[in-house]
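Heads up: the structure comes next, in structure tokens.
The values are calculated or read from the model by the stated rules, or taken from the named source; none is laboratory data. Being a predicted model, the structure only gives us computed values, none of them experimental. Ideal geometry is used to build each Cβ from the backbone, glycine not excepted, and the neighbour counts take in all protein chains shown. In case anyone asks, the SASA skips ligands and DNA or RNA and just uses the protein heavy atoms, side chains included. Shrake-Rupley method; radii C 1.70, N 1.55, O 1.52, S 1.80 Å.
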Amino acid sequence: MKTPFITCVAAIVRKDLRAEIRSRELLSVMGLFALLSVLLFSFALELDRQAREEVVSGVLWVTLIFASLLGLNRSMALERDQGGLDAILAAPVSRAAIFVGKLLGNFVFTGIVGFVLLPLMTALYGMNLLRAPLILTTIIGLFGFATVGTLLATLTVQTRAREALLPIAMLPIVLPFVLTAVRATKAILSGAAANEWQSALGMLAAITLIYFLLCLLLYEYVVGE
């Protein structure tokens, strides 16, 4: 008899959070990378304020993407090396519940990094990134990215070159997220009309939903391999 869906999801999320609280490995690596990235861009653009204002949305999302890639790679590698993934797959639980549990865990970690970056970049770049529409954009974008990342990290963790293969496989697939998220962020920061950033945000939400449903359906076949 299979464990109830919600119970399984909650157990996986708790396990991931407890493991991170004990080791503090994922957040420290992701956070340090994100900090160094935004500092580097800030120093590089120090003399050109207009350029800083133009590229801040791109800096935000590029930093979040590569920090998330580090976290996804390390998270699944730890699961594989410690036998956690095999133990979960051997349990009588729904594959969809495993996917949602891992997704939510990854989303929490990337979300923490994202919400540390927003006030940090506000201070460094002299622009207010702590706006409700931008926070919502960040949540939706990171959830979509974590969705694709969870599926592909599970797929590539079985390979030797997983550290290199995940970015190669993932970056082309998440290009729609990046372009739409940057467009929405730039419109919000530039003070564009509400319908402009709302249309971009709606498109981002639609892309996220489509990818979530596809990944949910494909996860059983991925772990079956």
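Assorted remarks:
- Residue satisfying condition, being under 14 Å from LEU189 (Cβ atoms), in a helix (DSSP H, G or I) and open to solvent by less than 10 Å² (accessible area, probe 1.4 Å), within set THR138, THR122: THR138
- Which numbered condition LEU130 fails, given (1) more than 24 Å from PHE41 (Cα to Cα); (2) open to solvent by 50 Å² or more (accessible area, probe 1.4 Å); (3) not in a helix (DSSP H, G or I): (1)
- Residue in segment 16-31 that is modelled with the lowest pLDDT, counting only those that are of a type in the set (D, E, K, R) and in a helix (DSSP H, G or I): GLU20
- Checking each residue of segment 180-190 against the condition of being open to solvent by less than 20 Å² (accessible area, probe 1.4 Å) and in contact with a Gly (Cβ under 6 Å, 6 or more places away or on another chain) gives at least one match.
- When segment 187-214 is filtered for residues that are under 20 Å from THR138 (Cβ atoms) and under 17 Å from the mean Cα position of the chain (by Cα), the ones remaining, listed by number, are LEU201, LEU204, ALA205, ALA206, ILE207, THR208, LEU209, ILE210, TYR211, PHE212.
- When GLN158, GLN198 are checked against the criterion of being open to solvent by 50 Å² or more (accessible area, probe 1.4 Å) and either closer than 16 Å to LEU60 by Cα or not in a helix (DSSP H, G or I) (or both), GLN158 stands alone in meeting it.
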